[in-house]
Amino acid sequence: MSSPLPSSPAASVLDLAPVVPVVVVDDLADAVPLARALVAGGLPAIEVTLRTPVALDAIRAIAGEVPDAVVGAGTVVTAEQVGEVVAAGARFLVSPGWTDTLVEAMRGSGVPFLPGVSTASEVVALLERGVREMKFFPAEAAGGTAYLKALAAPLPQARFCPTGGITPASAPEYLALPNVGCVGGSWMLPKDAIAGRDWARVEALAREAAALSAGGTSR
């Protein structure tokens with residue numbers, strides 16, 4: 001399977017898979033087998049968050065050793081981090097929020113990016129800057145599907161990857177919305193499975209997540 005993300009900066013992160021796993025790597029040795037399990041389960045887009053000291057090395061390892069993975073960097077909050085993660089091999093960028101400085105650094109990186117929003121004003125401000133694809137975070141706390149439905153009518157040109165508090169039960173409700181391209185989540189990465197290096201379980205959960213868009217949703 002070839003990489004599903006073209007090299008063009010215009011390529012959409014939202015169309016890679018119905019679910020983007022949000023990964024926190026504590027042990028660098030876990031990065032490659034974890035990524036392989038997710039890809040084998042049908043989730044090629046993998047967001048490695050910059051929340052641990054080994055995150056950059058994890059991105060580098062996945063980019064170098066798991067060719068079918070499309071590894072991205074999450075929790076990107078500074079312009080300096082943009083350069084670091086792209087140099088490490090990140091092929092998309094995700095932030096929990098945004099500033100003009102951060103958006104310009106992301107735009108200048110040449111890779112797709114999803115700046116985080118939680119209000120209509122933030123969405124309008126990004127649309128004004130030519131950005132149409134965003135992360136909606138924290139999704140459940142910020143209003144969930146009801147909020148996204150409310151945004152769809154006045155702002156139909158905005159598309160989202162909701163992340164934060166989403167479960168296998170609620171994910172199909174998000175995926176059914178016309179302004180949602182995918183969701184972010186970590187339920188396919190239970191802590192006990194990671195601790196026990198039960199990659200077969202991770203793969204099975206990833207496979208279930210990858211099938212969600214067809215599970216009774218109307219996209």
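For region 26-38, the criterion of being of a type outside the set (K, R), modelled with pLDDT of 95 or more, surrounded by fewer than 24 Cβ atoms within 10 Å (Cβ to Cβ) and touching a strand residue (DSSP E or B) at 6+ places or on another chain (Cβ under 8 Å) is met by none of the residues.
Yes/no matrix, rows are residues, columns are (1) more than 30 Å from A88 (Cα to Cα); (2) at pLDDT below 95; (3) assigned to a helix (DSSP H, G or I):
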site: P162; (1), (2), (3): no, no, no
site: P168; (1), (2), (3): yes, no, no
site: E173; (1), (2), (3): yes, no, yes
site: D192; (1), (2), (3): no, no, yes
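Here region 82-124 is the region considered, the condition is being assigned to a loop (DSSP other than H, G, I, E, B) and of a type in the set (A, V, I, L, M, F, W, C), and the residue that is nearest to A158 (Cα to Cα) is W98. When we screen P67, P53, P9 for residues that are surrounded by fewer than 21 Cβ atoms within 10 Å (Cβ to Cβ) and at pLDDT below 95, the only hit is P9.
For first residues located in region 58-76 and on the phi > 0 side of the Ramachandran plot, partners that are outside any helix (DSSP H, G or I) and lie 6+ apart or on another chain with Cβ distances below 7 Å form the pairs T75/T49; T75/L50; T75/R51; T75/P96. In region 147-163, is there at least one residue being touching a Leu at 6+ places or on another chain (Cβ under 8 Å), of a type in the set (S, T, Y) and either buried (at least 17 other Cβ atoms within 10 Å of the Cβ) or within 25 Å of G110 (Cα to Cα) (or both)? No, region 147-163 contains no residue that is touching a Leu at 6+ places or on another chain (Cβ under 8 Å), of a type in the set (S, T, Y) and either buried (at least 17 other Cβ atoms within 10 Å of the Cβ) or within 25 Å of G110 (Cα to Cα) (or both). Please list, ordered by first then second residue, the pairs with beta carbon atoms under 7 Å, 6 or more apart or interchain, first in region 190-201 and farther than 16 Å from A29 by Cα, second at pLDDT 95 or above. Cβ pairs passing all conditions: R201/A193.
Quick check on region 83-97. Is at least one of its residues in contact with a Phe, Trp or Tyr (Cβ under 6 Å, 6 or more places away or on another chain), closer than 17 Å to V13 by Cβ and surrounded by 14 or more Cβ atoms within 10 Å (Cβ to Cβ)? Within region 83-97, one or more residues are in contact with a Phe, Trp or Tyr (Cβ under 6 Å, 6 or more places away or on another chain), closer than 17 Å to V13 by Cβ and surrounded by 14 or more Cβ atoms within 10 Å (Cβ to Cβ).
Per the listing L38, L14, L43, L34, the residue uniquely within 10 Å of the chain's Cα centre (by Cα) and either part of a helix (DSSP H, G or I) or more than 18 Å from A88 (Cβ to Cβ) (or both) is L14.
The values are calculated or read from the model by the stated rules, or taken from the named source; none is laboratory data. Predicted, not measured: the structure shown is a model, and the values here were computed from it. All Cβ positions, glycine included, derive from the backbone under ideal geometry; neighbour counts span all protein chains shown.
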